Amino acid sequence: MTLTIPFDNTYARLPNVFYARQAPVPVRAPRLVAFNADLARILRVTPGDVTEMAEAFAGNALPEGAEPLAQLYSGHQFGHYNPQLGDGRAVLLGETVGTDGVRRDIQLKGSGPTPFSRQGDGRAWLGPVLREYVVSEAMHGLGIPTTRALAAVETGEIVLREGPMPGAVLTRVAQSHLRVGTFQIFAARGQLDGLRTLTDYALARHYPDARGPMGLLRSVRDAQARLIPQWMSVGFIHGVMNTDNCSIAGETIDYGPCAFMDAYHPNTVYSSIDRMGRYAYSNQPEIAVWNIAQLATALIQQMDDKDRAVEEATEIVHEMPDLMQQHWLDRFRAKIGLVTAEDDDLSLISDLLTRMAQNRADFTNTFRALGSDKARDQFLDPEAYDTWSDGWRARLEREKAPIDVTLSVNPAFIPRNHRVEQMIQAAVAGDYTPFNRLNAVLERPYDDQADAEDLKRPPADDEVVQATFCGT
Ligand code: AMP
Ligand code: MG
C-alpha cells in the first residue's frame, strides 16, 4: 500500500506575505511510533507501509501534493507583545477535506529550522510529542474541540534540552492554524491588505455565515467562550494561553505545559515559567477575554470608521464574560445533575468547589462519584461534603432527571499528569505499552473500564509530578 493524502491546499494559494516556503529538514533514522488510523479515515488518508509512513511523517519524503510552508504570526506572550514569532519548528504540509466535509491542516511539528526559528533548533523531543499526542486525543475523547494527532515519529537524532533527549516529530491536525497572533502581526505592521485578505480567508474557512471583521470577532469570541468552560469542566489547565496559542477556529491548540488537575484548587498552575500564575486554572476565562480584546484591536485596524468600530468591538468584548459565565454554569449544572436552572445554582456549585479546594478533593473522582460514599471519601473532612450534599439533595428533589445523567458529563478518566510522565519515561526507555494503553482507555473516558482502575487513582505522594515543564 502507498501512503496517499488527498491534499487540497488553500493557504499556499494566499500571497506569500503569509508564510515562508519551507521543506521539513530530513532526519537520520525515522521510526513510526504512533499512527491514528481512525483519524486517517476521516482525513481520507490512505496508510502506507510502516517505513514509508515513517519517512513521510518525519518529513524525509513528502507525500504527493504537499506544499510545505512555515506560517507567519506574532503574539502576546505572558502579556508582552513579541513582534514576530511564526512557525519556528513546524511546517504545514497542506490541507485535506475530510469525509465530514471539514477542511483540516496537516502539520509536522518538530520538523527542523525555519526562517522563524530565532534561537531555536526547530526540533521537539519525544516527551512533549507524546504528551501532545495523548492529551489532545484525550481532549477529543472528552468531546472538547481540539487539534488532533495523526502520527508520531522518533527521529533517531538527539535534541539538547535539559540534557540529551530523543528527537521526535508530531503530525498535528487542526481545523486551521490561524491564531489571534496571525491577525496581530499584519495589524501591527500596518499591512492592511494582508489583514483584509486574512479576515476574508478566516470567514470563508470557519464562519461562512458571518460577515466582516466584526462578524469574525463575534464568532471567535463565541467559540472561545464555549471552549474555556469546557476546559474548566474537566479540570484542564492550558498553561500558555498566549495570543499565538489562541485558535481562530476555537480549538484547543498547543499542548505545552498543560495538565489536568488532580486535587482541586483554583490557583493551580503547572508551567514552571508561569511564576505569576497568569494562566492558573481559574484565571483562564479572564485571559480568554483579554485575548479576544487583542483580536479586536487587530481587526479594527482595517475598518474605515474607527470610532464606530471601536464602539462595536468594545461591546462584543464586554459581552464575553457573561457569555462565558453562562456556558460555565450550563456545564457545572450538568456536572451536578441539574437540568433546570435556578438562581441559587451558582452558589451551590461554588460552595462545592470551595469545599473541594479546602479538602483537597480530587476533581475528577469527586464529580464522577457524586451522591455516593466515594465522593465523600475524597474530602479530608467528609462532613464538609455531607453538609453540601444535604442542600444538593434538596435541590435535586426539584429535578426530574435521575442523577446518573452526570456519568455522561463527568469523565471517569483523564490523562493524569503522573501517568503521562510515566508514559513518557517508559517510551524513552523503548516501551510504548503505557502510551498505547492510555490512548485506548482515553478514547472512552466516560465509560468505566474495569481493567483500568489504576488510571483513575490520583498520584501517590511519590508519584506527584514535581518538576513541571518549561522546555518543550
Ligand atoms: P510555543 O511555546 O510552542 O507556543 O512556541 C512559541 C514560539 O516559539 C513559536 O514561534 C514556536 O515556533 C517557537 N519555538 C518553540 N520551540 C522552538 C524550537 N525548538 N525551535 C524553534 N522555534 C521554537
Ligand atoms: Mg505556540
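The values are calculated or read from the model by the stated rules, or taken from the named source; none is laboratory data. Keep in mind that what you see is a predicted model, and the values were worked out from it rather than measured. Note that each Cβ is placed from the backbone with ideal geometry, even for glycine, and that neighbours are counted across all protein chains shown. Surface accessibility is based on the protein's heavy atoms, side chains included, excluding ligands, DNA and RNA. Shrake-Rupley method; radii C 1.70, N 1.55, O 1.52, S 1.80 Å.
Assuming R0 = 45 Å, can you tell me the calculated FRET efficiency for the pair ASP461 and LEU329, based on Cβ-Cβ distance, to the nearest 0.05? Result of the calculation: an efficiency of 0.80. Need the list of lysines near LYS374 for cross-linking: C-alpha distance under 22 angstrom, and skip anything on the same chain fewer than eight residues off. Filter leaves LYS335, LYS456.
A 1.4 Å probe run over the range 186-280, with the rest of the protein chains in place, finds 32 Å² accessible per residue.
Scattering from the range 65-223 was approximated by placing one identical point on each alpha carbon and applying the Debye formula without solvent; log10 I(q)/I(0) at 0.19 1/Å stands at -1.39.
What's the Cα-based Rg to Rh of the chain, Rh via Kirkwood?
Working: Rg = 22.5 Å, Rh = 23.2 Å.
Here Rg/Rh amounts to 0.97.
For the chain, the residue among LEU14, LEU85, SER176 whose Cα projects farthest onto the positive side of the dipole built from Cβ charges is LEU14. Semi-axis lengths, largest first, of the ellipsoid equivalent to the range 338-397 are 19, 12, 10 Å, with √(5λ) applied to each eigenvalue of the Cα gyration tensor. Using Cβ point charges alone (K and R +1, D and E -1), the dipole size of the chain about the Cα centre works out to roughly 1060 debye.
What is the percent carbon and sulfur in the accessible area of the range 28-146, measuring with a 1.4 Å probe over the protein chains and ignoring ligands?
Values: 2170 of 4170 Å².
C and S atoms contribute 52 percent here.
Which value in deg cm²/dmol, rounded to the nearest 500, describes the helix-derived mean residue ellipticity at 222 nm for the chain, given -39,500 (n - 2.57) per DSSP H run of n ≥ 4 and division by the residue count?
Working: 15 runs with 187 residues, N = 472.
Here the helix-only value at 222 nm equals -12500 deg cm²/dmol.
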